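Beneath this line is the structure, given in structure tokens, with notes to follow.
The values are calculated or read from the model by the stated rules, or taken from the named source; none is laboratory data. Here the structure is a predicted model, which is why all the values come from computation and not from measurement. Glycine also receives a Cβ, built like all others from the backbone with ideal geometry; neighbour counts cover every protein chain displayed.
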Ligand SMILES: Cc1ncc(COP(=O)(O)O)c(C=O)c1O
């Protein structure tokens, strides 16, 4: 099956979850903390292999994956070049000593990141293993560089769940049990979510009036303590919401005016996901620090914060004891995976492909909306990162419909996730190698799933 895998359509041979998945669910239930894997009557299925935009479960069902597994599999699932690079590196030198005895490919990847991320001047990199850690490296950098603890963040934001990142993430369910252990350096402003405009205005005639809330915080009682703004140019887990170009441009101007650093979290939206290497390129806005992860390696846990030398060089020189590091920092196998993934994106022009497929994606989804009898309230996205916001007859978020849609799609051979504060958005972030036929199949299945939900 592996040889044929990659460009297949979904093929369900036994109703998922099949017997092997059910057995593994029961076994996992006995040994994993109850909070982690969601277990329901029809959930989960266990995957055993993947290629391109196909994944296969342990009962031999083949699926078309429209999730990219959290938007990670940019160069395709188990991309052979990435897998070979991992294998070759693992056999030579699996693990390094990142901040003490580094490896050659850490230099190569840092150089690649400095080349790829927007901005002309010299840049510097801090490596991390997860997105959450990259965000925390950016927050620490801002504190070091500005001497100010305050950070402006946004409604709907998702920056990860480490205690630092959690302070700027906006989702009560993640924060509530830990509230008393969280710092209070973050101030929250409304994200420019045009479909659910906090001011009930319309873009562009609104003249991005919602940015006034950021100005108010900066003019407020602790405005002088704000050193940075952190924002996703397109929110992912917040419901696939792109910030309007004008808003990002005005935000940049405001940060410059007030001498505040601008951090872009492109952990989800970067590496071609939005039809450019980085989503902020649509607006032509360059941040002071950019966080990357997920699609950086197409599947190995590695992330980074990359900033201008002007900002990053405020960190003190290491005197032998790095004040910010971790055991797996600049992991050689992760660096090998990322270098291979970047080479794949470039050689196969996958960023351009993501841009080219944007129109097709929009047309297919808008058609779906027309046929949805009002169940799809909004269609939005860029490149190969799209959201279908499901609503009830009153226009309120329809969480149940989204959950039922995702389950029905899985049973029909298509993997999709839900996103947004109400989990009512069908989130689409397929591998950038997905074929047109797979995309059409996947969207047709979503249409049928919504109709049945
Ligand atoms: C925009 C964004 N930032 C940060 C993170 C956290 O990354 P990780 O789960 O690797 O810690 C995510 C994860 O979904 C994300 O989408």
Among (1) more than 16 Å from the ligand (Cβ to nearest atom); (2) closer than 30 Å to residue 52 by Cβ; (3) in contact (Cβ under 8 Å) with a residue 60 or more places away in the chain, the one test that residue 80 misses: (3)
Pick from the stretch 39-77, criterion surrounded by fewer than 20 Cβ atoms within 10 Å (Cβ to Cβ) and within 16 Å of the ligand (Cβ to nearest atom), ranking: farthest from residue 292 (Cα to Cα): 69
Positions within the stretch 264-284 being crowded, with 24+ Cβ neighbours inside 10 Å and outside any loop (DSSP other than H, G, I, E, B), in sequence order: 264, 265, 279, 280
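Might you check whether a residue that is at pLDDT 95 or above, assigned to a strand (DSSP E or B) and touching a strand residue (DSSP E or B) at 6+ places or on another chain (Cβ under 9 Å) occurs anywhere in the stretch 348-355? Step through it out loud before you land on a result.
First pass over the stretch 348-355, keeping only residues at pLDDT 95 or above: 348-355.
Filter again for assigned to a strand (DSSP E or B), leaving none.
Within the stretch 348-355 (the criterion being at pLDDT 95 or above, assigned to a strand (DSSP E or B) and touching a strand residue (DSSP E or B) at 6+ places or on another chain (Cβ under 9 Å)), the answer is no, since none of the residues qualifies.
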Residue check, residue 85 more than 16 Å from the ligand (Cβ to nearest atom) and under 30 Å from residue 259 (Cβ atoms): no
Those helices (runs of 4 or more DSSP H) lying entirely in the stretch 162-263 with at least 3 residues at pLDDT 95 or above, away from the ligand (no atom under 15 Å from the Cβ) and over 20 Å from residue 423 (Cβ atoms): 212-219, 245-258
Test: residue in the stretch 429-444 that is within 20 Å of the chain's Cα centre (by Cα) and closer than 15 Å to residue 239 by Cα: yes
